[in-house]
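Asks: Just dropping this structure here.
The values are calculated or read from the model by the stated rules, or taken from the named source; none is laboratory data. The structure presented is a predicted model; accordingly, all values stated were derived computationally and were not measured. Every residue, glycine as well, gets a Cβ built from its backbone with ideal geometry; the counts of neighbours run over all protein chains shown.
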Amino acid sequence: MTLGTATSPDNSELGGQPNETAVVRQLLEELTEYTGTDQLYLLSHDLQRLVSVIGDPSIHIDELMLARLADGEHFDSPADGTLVPYLHLDQPVLVSRHGGASPSRPAQSTYPALLVHDAINRIETLEYLRRVEDMSVAGQIQWDELAQRALRSDFLRVGGTLAPAYDVAGDLFDLAIQPNGSLAVVALDAMGRGSGAALSAVLALSAIRTRRREGASLEEQATAANRALDDEYGGDRFVTAVLLEVTDDRVDAVNAGHEPLRRYLHGQPVPQHIAAQPPLGVVADAGYKRVALEPFKPGETMVILSDGVSGARNVGGVTYGAGPVDLLVADAETVAPLALAHRVACAVTDHCSGTLHDDVTAVVLKAERR
């Protein structure tokens, strides 16, 4: 099996240990045996291409294909054959391509996805292959902190995206299932753009994760992030944030100067009033308060956006605004959260004729229909 363009010259051993090419080759052989094909693809960071691990031409991903793949469904294409996604925690990380008979393994098999998800974090070759554009330093800082783009709990699915994927510089989000089964969601938007903004967002997220993993409340997590930013920047930098803790019977939130939360039921907006508190890093002794919101109803959707969405302007100076987002959600009631978040980011990018002047973050939560 021949790897893509990132292949090393040989398969020699270095210091008694197999080099990376040997490790990747062993991984691909195992995946080939499991999936029944060596036509294996990784998703690019921008979710717009399937990148072959053996150097075949990449496959363009349109909205319909991504929606199917994100739901773990086979996608039949006259040009590309049958595409089978393998999901890790509701995120498609590997796709196999079959030109003839349908694969013997079900798409719900998680083993290949688990292998690849772990390998991407350890093996440079795979990360190199799925990178279809040069990445900025700020972008690298943030992608290194993005542990998971999609999750699924017993009652809720959540997914998010960042744009521009290879030059994001200040927006960040975090998704985690906590020991008590609740879902933790964090969305951050740092002041400015560039490495400084990226580092301040990562500092805030690290403070939140540290306290969250100690069992601290949302208020304590926000306070810790506020203190960390104030200690480091003395009020010269701030980060807006939304922190959520969601169970099947409650939704708790802290909004620290972030864009309003948007909720939808049966495709229609549901009024949501949460008083915004100071952004993180502005007021040294700010006391953050948790707000209890209505629990999710079956089929309900929540969307968290950065100000790069509402403030996006086209060449004529017209802002994107909230109306188009409402229409996108109304037309996508059955679309997976990851795919819907991607649609929002693409729509904003199209509105700006392909050039974003601010980062765009979209995080979508959807309650399962019961």
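Asks: Just to be sure I understand the filter: pairs with C-beta atoms under 8 Å, separated by 6 or more residues or on different chains, first member in region 298-316 and part of a strand (DSSP E or B), second member among the polar types (S, T, N, Q) and surrounded by fewer than 24 Cβ atoms within 10 Å (Cβ to Cβ). Which pairs pass?
Replies: Taking only residues 6 or more apart or on different chains, the pairs are ARG313/THR319.
Asks: Among (1) farther than 27 Å from CYS346 by Cβ; (2) touching a Lys or Arg at 6+ places or on another chain (Cβ under 7 Å), which single condition is PHE75 missing?
Replies: Going through the list (1) farther than 27 Å from CYS346 by Cβ; (2) touching a Lys or Arg at 6+ places or on another chain (Cβ under 7 Å), PHE75 breaks only (1).
Asks: Shifting gears a bit: Restricting to region 220-261, name every residue that is under 23 Å from ARG157 (Cα atoms), in contact with an Asp or Glu (Cβ under 8 Å, 6 or more places away or on another chain) and not aliphatic (A, V, I, L, M).
Replies: Within region 220-261, GLU245, ASP248, ASP252, HIS258, GLU259 meet the criteria.
Asks: Checking the condition surrounded by 23 or more Cβ atoms within 10 Å (Cβ to Cβ) and over 24 Å from SER200 (Cα atoms), which residue from THR319, THR247, THR301, THR334 passes?
Replies: When all the criteria are applied, what remains is THR301.
Asks: Okay, moving on. Just checking, how many residues over region 269-298 are of a type in the set (Val, Ile, Thr) and closer than 18 Å to LEU205 by Cβ?
Replies: So the answer is 1.
Asks: Could you grab me the full set of residues in region 51-76 that are among the polar types (S, T, N, Q) and either part of a strand (DSSP E or B) or over 29 Å from LEU328 (Cβ atoms) (or both)?
Replies: The one that is among the polar types (S, T, N, Q) and either part of a strand (DSSP E or B) or over 29 Å from LEU328 (Cβ atoms) (or both): SER52.
Asks: Identify all residues within region 216-239 that are surrounded by 24 or more Cβ atoms within 10 Å (Cβ to Cβ) and β-branched (Val, Ile, Thr); write none if there are none.
Replies: Within region 216-239, VAL239 is the sole residue that qualifies.
Asks: Being at pLDDT 95 or above and closer than 22 Å to ALA341 by Cβ narrows it down to one of LEU243, LEU203, so name that one.
Replies: Only one candidate qualifies: LEU243.
Asks: Filter region 310-356 down to residues that are of a type in the set (Asp, Glu) and more than 30 Å from GLU73 (Cα to Cα), then give me how many there are.
Replies: Selection size over region 310-356: 0.
Asks: What's the number of the only condition in (1) part of a loop (DSSP other than H, G, I, E, B); (2) under 25 Å from ALA113 (Cα atoms) that GLY215 fails to meet?
Replies: Going through the list (1) part of a loop (DSSP other than H, G, I, E, B); (2) under 25 Å from ALA113 (Cα atoms), GLY215 breaks only (2).
Asks: Counting residues that are touching a residue at least 12 places away in the same chain (Cβ under 8 Å), of a type in the set (Gly, Ala, Ser) and surrounded by 18 or more Cβ atoms within 10 Å (Cβ to Cβ), which strands (runs of 3 or more DSSP E) fully inside region 77-194 reach at least 3?
Replies: 156-163, 183-190
Asks: Of everything in region 314-368 that's at pLDDT below 85 and charged (D, E, K, R), which residue is farthest from VAL303 (Cα to Cα)?
Replies: Checked region 314-368; the qualifying residue farthest from VAL303 (Cα to Cα) is ASP358.
Asks: Any idea which of (1) of a type in the set (Lys, Arg); (2) buried (at least 20 other Cβ atoms within 10 Å of the Cβ); (3) within 29 Å of LEU356 (Cα to Cα) is the one ARG212 doesn't satisfy?
Replies: The single condition ARG212 does not satisfy is (3).
Asks: For ALA22, state whether it is within 20 Å of GLU124 (Cβ to Cβ), without any contact (Cβ under 8 Å) to a residue 24 or more places away in the chain, outside any strand (DSSP E or B) and not assigned by TED's automatic domain parsing to the domain that holds VAL168.
Replies: In short, yes.
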